[in-house]
Structure formats: C-alpha cells, structure tokens
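Undergrad: Dropping the structure in here first, questions after.
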Amino acid sequence: MTVFTGAGISVESGIPDFRSPGGLWSKYNPGIYCEYNTFCESPHLFWQMGRELALEVHLANGGADHLRDGLREAEPNAAHRALVDLENMGKLRTVITQNIDSLHQRAGSSNVIEIHGTMATATCMSSGKQVPQAEILRQWVAAREGKPDSSLRADIATDKWYPKHAETGGVLKPDVTMFGEALPAGALGRSWKAVLGSPVCLVVGTGLNVMPANMVPGLVKWRWGTLIVLNLDHSGSSSADIFLQGKAGEVLPRLVEAVRQRNSSG
C-alpha cells in the first residue's frame, strides 16, 4: 500500500494542527505569514509564527519555560512506528506526507515523499547554502536567552528576529513550500506514481483540504483500488471505501496486529 499522512498523525507527538479551532492559523493568517512574497519582504513574520510553534512543541514535550537546557523537539509516536512495522512486514512501500516535521524518517520509514518540503533544513536566500534546523534553533535560543549582541536581543523583543546564515549573513528560509511556491521538484509526480502503483491507499490524519496534494490519494480509484481513511473526526468519510475513526496512535498499532494475525493464520 501507499500511505498519505497529514497533521493528525503528528498531533500525538505534541505538534498542534494548524487548522484546528484555536490552532496557529486562527491567530496567524497563512496567506500572510506563510506566503512566499511576504517572506521575501518581511521574513520575521514567518519566524514569529515558527518560534511560537517551536515553543508549543517544546512545552508539550515537557520542556521548561526557559530554554537554557535546550529546546525539546517532537518525537515519533506509535502511529509513525506502526507504519514502519507495516513496511518491515512488506505491506507498505511509500509514505507520502504533507507534514514538514521529518517524524516519519526519524521513526524509520525508508521511502518518504515530503510533498510540502521539510523544516529539517533551511537555505540561505542569497547564496543557496543549506543549514540544518539545529542551526536555526541554536540562533533562536541564543537570542532568546540574551547571549548575542544587544541588536539581536532587540530584534527578539520587537518580533523582528529571523535567522541568518553564519557566513553570508543572508536570510535563512526553511525548505518548506510556502503559498505562492511550487511543490518540491518531482514530489507530486512521484506521489502520483506511488498511488497509481498501489492497490490500497491509506490516508491518515488529514481532511484532504489542501490543493493540489489532496488530489493524490483519490488516484487509487483509477486502478479500481481501495481508499482507506483514518481520522479523528469524520473528515474524508464520504470518499472512503473503508473509514476508520479514532486516534492514529491507537488505531494503526491495532491494524498492524490484525495484519500480523492474518499473516500467521494464512
């Protein structure tokens, strides 16, 4: 099968769903804070939202109010690990994800298509040089804890802060797809190929609201395949051949166990 995941699979890792009531996008208009041209003119707006998200994840994972002990990041949960189990059992070939958190890779999934890019790296807009996410977190923690010069502390205080490449001084842009940008080269085509080559597509944790990625899972119907949707609410139930409702971290391990039992009895 091919699996297509969204924000719902990572909520149990302490990463909030932007679109849920009270989520970040109820406070930060994505058409402004996540828009490419706006980022080029005012990069601090995106990073203002990004800092709040990072702090939410830090606190959700047991971090202290101060960051002197480091910033806690999200860890893969039982749902991510269950997909690795399905891959190891030979039942899962490809994971396509709308998420930018790299939790599938960290859990051990070997073939992941990040259709909206990743926060794991960032690129200098003036030189094209790439840095790991750890460099951005290092700069933010240093600025927040008052370690750099006074100008950077002032930037944090006035929400004007954004990370810069240590060598070039250029603005660092996360390697995610913002509104107004094309999807990562080849990601959409590889996703289509994966779904069209699978008899089953399992959708986990997404209401399939974001174009054009939301069109990908339905391609399984072109080969008379089966579309399975797993969500906490009823999102996607009308288009699913099989609909599963519940938390991904609870339902997917049960699905793995059912597959194991079927294999052992067959």
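Bear in mind that the values in this text are calculations on the coordinates, not laboratory data. All values derive from a computational prediction rather than experimental measurement. Methodologically, a virtual Cβ is constructed for each residue, glycine included, from the backbone with ideal geometry; neighbour enumeration extends over all protein chains shown.
Undergrad: Non-local amide H neighbours of F4 (under 5 Å, H modeled in plane, Pro and chain starts lacking H): which ones?
TA: Under 5 Å from the amide H of F4: I96, L202, V203, V204.
Undergrad: Given L67, L53, N77, which one lies farthest toward the positive end of the charge dipole of segment 45-89, if we put +1 on the Cβ of every Lys and Arg and -1 on the Cβ of every Asp and Glu?
TA: My answer, from the dipole projection, is L67.
Undergrad: For segment 1-143, just the Cα set please: Rg and Dmax, both in angstrom.
TA: When restricted to the Cα atoms of segment 1-143, Rg and Dmax are 16.1, 48 Å.
Undergrad: Further, regarding this structure: Whose amide H sits under 5 Å from the amide H of T118, counting only residues 5 or more places off or on another chain, with H placed in the peptide plane?
TA: D175, V176, T177
Undergrad: Label the chain by shape, choosing from rounded, prolate and oblate, from the square roots a ≥ b ≥ c of the eigenvalues of the Cα gyration tensor; if a/c is under 1.5 it is rounded, and otherwise prolate applies when a/b is larger than b/c, oblate when it is not.
TA: prolate
Undergrad: Now for a different question. Counting Lys +1, Arg +1, Asp -1, Glu -1, what net charge surrounds N88 among other residues with beta carbon under 13 Å of its beta carbon?
TA: +2
Undergrad: Which far-off residues, 5 or more places away or on another chain, put their amide H under 5 Å from the one on S126, with H placed in the peptide plane?
TA: V171
Undergrad: Where a ≥ b ≥ c are the square roots of the eigenvalues of the C-alpha gyration tensor, would you call segment 186-255 rounded, which needs a/c under 1.5, or, failing that, prolate if a/b is larger than b/c, or oblate?
TA: It comes out prolate by the Cα gyration axes.
Undergrad: Using a 10 Å cut-off around each Cβ, can you sort C34, C40, C124, C201 from fewest to most neighbouring Cβ atoms?
TA: In increasing order of surrounding Cβ atoms, one gets C40, C124, C34, C201.
Undergrad: Would you list W47, W222, W25 from fewest to most Cβ contacts within 10 Å?
TA: Fewest-to-most ranking of W47, W222, W25: W222, W25, W47.
Undergrad: If Lys and Arg each add +1 and Asp and Glu each add -1, what is the summed charge of the other residues whose beta carbon sits under 11 Å from the beta carbon of M125?
TA: Charge balance in the 11 Å sphere: +3.
Undergrad: Pairs K91/K193; K193/K247; K27/K173: which exceed 24 Å Cα-Cα?
TA: In this structure, K193/K247 lie more than 24 Å apart at Cα.
Undergrad: Separate question: Can you sort D175, D233 so the residue with the fewest Cβ neighbours within 10 Å comes first?
TA: Ordered by Cβ neighbours within 10 Å, fewest first: D233, D175.
Undergrad: Still on this structure: Compute the signed sum of charges (Lys and Arg +1, Asp and Glu -1) over the other residues within less than 15 Å, Cβ to Cβ, of V256.
TA: +2
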